[in-house]
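S.K.: Submitted below is the structure of interest, expressed as structure tokens.
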Amino acid sequence: MSIGATLRRVPFLAILPESEIAWLAERMRPRQYRAGTTIFHRDDPGSTLHVINSGLVKLVLASPEGREVTVGILDAGDFFGELALLDGGARSASAVALEAVETLTLDREPFIAMLERHPQVATALLGVLGDRLRRTDELIQDILFLDLPGRLAKQLLALADERGVATPAGIKIDLRLSQSELAGIIGATRESVNRCLNAYADRGILDLDRDTITLRAPEVLRARIY
């Protein structure tokens, strides 16, 4: 996929005229990361925006004891690193490649210049950031008010909606997440998630196959949340 085509997948950039997309594309630089590579750490100085051309990236917050909470999983066409780019501050979370990843990076100076020429992009960007903030608020609310089986059920249903593939056996989640990574998303330990997944599997609600999960009775999971 061309750089311009990738930029067109970014919601707040898609509104730009073709000439501006071409101007940005000339200033983007591709970077490759192997699976498991930390692209940047929380509190690192930040001066670049990353747009994902291919692969999956997770955004992570970690405690001093090493416990992690995953605050986002991003796919091709998604972006990260925008907060440090806007205010010139440090990175607010760590970014880790879940698989082989290529990003396109843009430095702060051309990014700010583009915003000054096209203030409507800033408005669109605020809308995207507001949506991310609402999802973070929802994550905090879930951790406070839902028990682990409920949080896991809600996350499995969300993954099925986003990446579900209908099969004769049920809805297969087309995303290879380890149990540790799934635990990080819902603020739990790998061991507790393993027990909960096995309990759901024993009841015939889902099937487990290595890193693949197939939902056989999503309506039961939905009833577990409400």
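S.K.: Only one of (1) within 17 Å of Val69 (Cβ to Cβ); (2) in contact with a Leu (Cβ under 8 Å, 6 or more places away or on another chain) fails for Gly184. Which number is that?
M.R.: Unmet condition: (2).
S.K.: Sort out which residues of the range 63-87 are in a loop (DSSP other than H, G, I, E, B) and open to solvent by 10 Å² or more (accessible area, probe 1.4 Å), and write them in order of number.
M.R.: Step one: of the range 63-87, the residues in a loop (DSSP other than H, G, I, E, B) are 63-67, 75-78, 81.
If the condition is that a residue be in a loop (DSSP other than H, G, I, E, B) and open to solvent by 10 Å² or more (accessible area, probe 1.4 Å), then Ser63, Pro64, Glu65, Gly66, Arg67, Asp75, Ala76, Asp78, Gly81 are the ones that fit.
S.K.: Identify, from the list Leu59, Leu7, the residue that is modelled with pLDDT of 90 or more and more than 30 Å from Leu182 (Cβ to Cβ).
M.R.: Details: Leu59 fails: more than 30 Å from Leu182 (Cβ to Cβ).
Answer to the selection: Leu7.
S.K.: Could you give me the residue pairs with C-beta distances under 7 Å whose first residue belongs to the range 38-67 and is hydroxyl-bearing (Ser, Thr, Tyr), whose second residue is open to solvent by less than 30 Å² (accessible area, probe 1.4 Å) and part of a loop (DSSP other than H, G, I, E, B) wherever it lies, and which are 6+ apart or on separate chains?
M.R.: Between residues of the range 38-67 that are hydroxyl-bearing (Ser, Thr, Tyr) and residues that are open to solvent by less than 30 Å² (accessible area, probe 1.4 Å) and part of a loop (DSSP other than H, G, I, E, B), the close pairs are Thr48/Gly81; Ser54/Ala76.
S.K.: Take Arg151 and decide whether it is among the charged types (D, E, K, R), within 24 Å of Leu56 (Cα to Cα) and modelled with pLDDT under 90. Before you say what the answer is, go through the steps one by one.
M.R.: On the way: among the charged types (D, E, K, R): yes; within 24 Å of Leu56 (Cα to Cα): yes; modelled with pLDDT under 90: no.
No: the conditions fail for Arg151.
S.K.: Just give me the residues in the range 103-124 being touching a strand residue (DSSP E or B) at 6+ places or on another chain (Cβ under 8 Å), outside any helix (DSSP H, G or I) and either closer than 20 Å to Glu18 by Cβ or of a type in the set (D, E, K, R) (or both), in sequence order. Talk me through it step by step, then tell me what you get.
M.R.: Keep residues of the range 103-124 that are touching a strand residue (DSSP E or B) at 6+ places or on another chain (Cβ under 8 Å), which gives 103-108, 111.
Subsequent filtering for residues that are outside any helix (DSSP H, G or I) retains 103-107.
Leu104, Leu106, Asp107, listed by residue number.
S.K.: Just need a number here: residues in the range 4-37 that are in contact (Cβ under 8 Å) with a residue 40 or more places away in the chain and either over 20 Å from Val128 (Cβ atoms) or assigned to a loop (DSSP other than H, G, I, E, B) (or both).
M.R.: 19
S.K.: Follow-up question, since we're still on this one. Can you give me the ranges of the strands (runs of 3 or more DSSP E) entirely in the range 145-226 with at least 3 residues that are open to solvent by 40 Å² or more (accessible area, probe 1.4 Å)?
M.R.: In the range 145-226, the matching strands (runs of 3 or more DSSP E) lie at 164-167, 206-209.
S.K.: Which residues, counting only those in the range 14-60, are farther than 25 Å from Arg163 by Cβ, of a type in the set (Gly, Ala, Ser) and open to solvent by 60 Å² or more (accessible area, probe 1.4 Å)?
M.R.: Answer for the range 14-60, where residues must be farther than 25 Å from Arg163 by Cβ, of a type in the set (Gly, Ala, Ser) and open to solvent by 60 Å² or more (accessible area, probe 1.4 Å): Ser19, Ser47.
The values are calculated or read from the model by the stated rules, or taken from the named source; none is laboratory data. On a predicted model such as this, the values are computed, not experimentally measured, just so you know. Backbone-built Cβ (ideal geometry, glycine too); neighbour counts: all protein chains shown. We work out accessible area using only protein heavy atoms, side chains counted, and drop any ligands, DNA or RNA first. Shrake-Rupley method; radii C 1.70, N 1.55, O 1.52, S 1.80 Å.
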